[in-house]
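Trainee: First the structure, then my questions, so here it is.
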Amino acid sequence: MTDQNVSSSPVREVEVAIAGAGFGGICMAIQLQKNGINDFLILEKKSEVGGAWRDNHYPGAACDVQSHMYSYSFETKSNWTKRYAPWNEIQQYILDTVKKYNLRPHIHFNQEVVSAVFNEGIGKWVIKTVGGETIMARHWVLASGPLHVPAIPDIKGLKDFKGKVMHSADWDHSYNLTGKNVASIGTGGSAIQYVPEIAPKVGKLHVFQRTPAWVIPRDERSYSAFRKWTFKALPFTRTLHRWRLYWTNESRVWPILNPWMARIGEGLLKKFISYQVKDPALVKKLTPDYTLGCKRILISNKWYPTFNRPNVELVTDGIREITPDGIITSDGKERKLDCIILGTGFIVDPRIYMKSFEMRGLNGHTVQEDWKVSPTSYLGITTANYPNMYQLVGPHTGLGHNSIIFMIEAQAEYIIQCMKKVKEKGVDYIDVKPQAMTRFLGEMTQALQGTVWSSGCKSWYQTADGINFAIWPKSTWRYWMETRNVNEGDYNFVKCGGAKGVGKTSGSGAAGIGGLAGDQAMARVAQR
């Protein structure tokens, strides 16, 4: 890109631009402040902070990670009400944190990013928003997270339905469900929370299930007033509690990495389902046929008992079409409905939700082309030919057993190190080498082999072609170890204008990525 591509409209220049004001973006901003970097702004597509916890306020919405672990290590909270906090308490925690660190002056609301193009002449990102802003930033951090674009199923007739349609991530609390005939499509993490809550209110509830989930019991205990007082008066007890929760969660990785252990758990859970559901036919329909942990493990004490209710029907026949008045299943039966609730989750593959978003790096590289096989980044943070661009919760950093906040903090610290090295070396940008990405991809592919994630099921951790791009297949402490220090040998440090920093110039570093798609395809063969 040349300087003529920069918009003629007023341009705001900052050192760091961050996309997203959820847990990731807020963490990044705070770490910038702590390291003396105050020239930053956060671009938020909506009118408030919070990300997933701002949007997901359906009945029963709560976290499936313990409250004391689902919070920043540098901003612990002594008065969590329950072991697993409801959405509004988590959202309030986010609001309180933003206020404490005075982040609102740095946040531009209603400014969804529509393009980000790297200007090779000056080594900066030119970022444009739907609101007409143009920002030029030395460093560009993607903190939008994977759970922000609702997945709307492509079902014949959905747009013609005359009744109410709403997605769990856009719940309409003004709509009265009392006495209504309701269909819930999907049985994932959101549905298992809202279905038990609305079942007593509706007239008839039809739960459409494509694949059953493994659902384990939930610890619903509240923290006593004495316990909360202790956490506040003696902060070290709060730290000890967090560490206990961390290592308890971390122990869950063993059945994931060793499927034979997971199968032992399956036997216990099958008995649990039989104990909670009275009808043997329903027990069979609600029992998964895939290895425990291959898909996301859900937690609820209310899910299975809900199907004992006379007004709740579990439907496992496929949906043929939606009519203006209801749903017709593959057996030809039509169910008349007032409301359809889509508990169908989110689009997590960035190649899909970024398809209309221009992201252009060195020498015309685009993520749509470079990620043709699968989303790929080094350590889930940096991507070759996209200098000074960083991701939070990028490819291969999602978890199935512990708190994603732990991963976010490790990533934010690593990104700070990258920024500091650019400044210390007097260069304009840092660009990860294609070889480092290829090596990391191979490590992830190898680590996934023999785990429950490679046992044959289809999950949102995968691309449509069955490539697992989302999961970190190791212990989280190992990720922390791998991101504690930036290995300079894995990066090119470049000064614009043809002068070399440490490593290759921008012009010579691009060729290697062209062969990366082939390397990806070869490395992924075992996962198909």
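Trainee: Looking at region 97-110 only, could you name the residues that are open to solvent by less than 70 Å² (accessible area, probe 1.4 Å) and farther than 23 Å from N35 by Cβ? I'd like the intermediate steps shown before the answer.
Mentor: Narrowing region 97-110 to residues open to solvent by less than 70 Å² (accessible area, probe 1.4 Å): 97-98, 101, 103, 106-109.
If the condition is that a residue be open to solvent by less than 70 Å² (accessible area, probe 1.4 Å) and farther than 23 Å from N35 by Cβ, then F109 is the only one that fits.
Trainee: For R263, state whether it is farther than 20 Å from T291 by Cβ, without any contact (Cβ under 8 Å) to a residue 60 or more places away in the chain and not aromatic (F, W, Y).
Mentor: no
Trainee: Which of the residues that make up region 207-234 are exposed (fewer than 14 other Cβ atoms within 10 Å of the Cβ) and either of a type outside the set (D, E, K, R) or without any contact (Cβ under 8 Å) to a residue 60 or more places away in the chain (or both)?
Mentor: P217, S222, S224, A225, F226, W229, A233, L234
Trainee: Being more than 24 Å from D170 (Cα to Cα) and open to solvent by 40 Å² or more (accessible area, probe 1.4 Å), is that true of even one residue in region 339-352? Even if it seems obvious, please write down each step before you answer.
Mentor: Going through region 339-352, the residues more than 24 Å from D170 (Cα to Cα) turn out to be none.
No: zero hits.
Trainee: Could you check region 161-188 and list, in sequence order, the residues that are part of a loop (DSSP other than H, G, I, E, B) and open to solvent by less than 60 Å² (accessible area, probe 1.4 Å)? If you could, list the steps in order and put the result at the bottom.
Mentor: Filtering region 161-188 for residues part of a loop (DSSP other than H, G, I, E, B) gives 161-163, 171-180, 186-188.
Scanning region 161-188 gives F161, G163, W171, D172, Y175, L177, G179, K180, G186, T187, G188.
Here is a yes/no grid of residues against (1) over 27 Å from I216 (Cβ atoms); (2) touching a Cys at 6+ places or on another chain (Cβ under 9 Å); (3) surrounded by fewer than 21 Cβ atoms within 10 Å (Cβ to Cβ); (4) not polar (S, T, N, Q):
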{"site": "V11", "(1), (2), (3), (4)": "yes, no, yes, yes"}
{"site": "A19", "(1), (2), (3), (4)": "yes, no, no, yes"}
{"site": "I30", "(1), (2), (3), (4)": "yes, no, yes, yes"}
{"site": "S73", "(1), (2), (3), (4)": "no, no, yes, no"}
{"site": "T81", "(1), (2), (3), (4)": "no, no, yes, no"}
{"site": "L95", "(1), (2), (3), (4)": "yes, no, yes, yes"}
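Trainee: Out of everything in region 189-206 that is in a loop (DSSP other than H, G, I, E, B) and open to solvent by less than 30 Å² (accessible area, probe 1.4 Å), what residue ends up being farthest from K302 (Cα to Cα)?
Mentor: V202
Trainee: K302: within 17 Å of S190 (Cα to Cα) and open to solvent by 40 Å² or more (accessible area, probe 1.4 Å), yes or no? So that I can check it myself, show each step before the final result.
Mentor: Values: within 17 Å of S190 (Cα to Cα): yes; open to solvent by 40 Å² or more (accessible area, probe 1.4 Å): yes.
Yes; evaluated as a whole, the condition is true for this residue.
Trainee: Moving on. Looking at (1) open to solvent by 40 Å² or more (accessible area, probe 1.4 Å); (2) of a type outside the set (A, V, I, L, M); (3) touching a Gly at 6+ places or on another chain (Cβ under 8 Å), which one does H57 not meet, given that it meets all the others?
Mentor: Exception for H57: condition (3).
Trainee: Among helices (runs of 4 or more DSSP H) lying entirely in region 411-528, which contain 2 or more residues that are modelled with pLDDT of 95 or more and open to solvent by 20 Å² or more (accessible area, probe 1.4 Å)? Lay out the reasoning, then the answer.
Mentor: On the way: elements: 434-448, 476-482, 511-514, 516-524.
Once the helices (runs of 4 or more DSSP H) in region 411-528 are filtered for at least 2 residues that are modelled with pLDDT of 95 or more and open to solvent by 20 Å² or more (accessible area, probe 1.4 Å), what remains is 434-448, 476-482.
Trainee: What is the number of the single condition among (1) in contact (Cβ under 8 Å) with a residue 40 or more places away in the chain; (2) in contact with a Phe, Trp or Tyr (Cβ under 9 Å, 6 or more places away or on another chain); (3) buried (at least 19 other Cβ atoms within 10 Å of the Cβ); (4) not aromatic (F, W, Y) that L41 does not meet?
Mentor: (2)
Trainee: Within region 431-438, is even one residue among the charged types (D, E, K, R) and over 21 Å from G361 (Cα atoms)? Show your work before the answer.
Mentor: Quick first cut of region 431-438, residues among the charged types (D, E, K, R) only: 431, 433.
After this cut, where a residue has to be over 21 Å from G361 (Cα atoms) as well, the list is none.
Checked region 431-438: no residue is among the charged types (D, E, K, R) and over 21 Å from G361 (Cα atoms).
The values are calculated or read from the model by the stated rules, or taken from the named source; none is laboratory data. Every value quoted in this text rests on a predicted model; they were computed, and no experiment measured them. Cβ sites come from the backbone with ideal geometry, for glycine too, and all protein chains shown count toward neighbours. When the accessible area is computed, the model is the full protein with side chains, heavy atoms only, and any ligands, DNA or RNA have been set aside. Shrake-Rupley method; radii C 1.70, N 1.55, O 1.52, S 1.80 Å.
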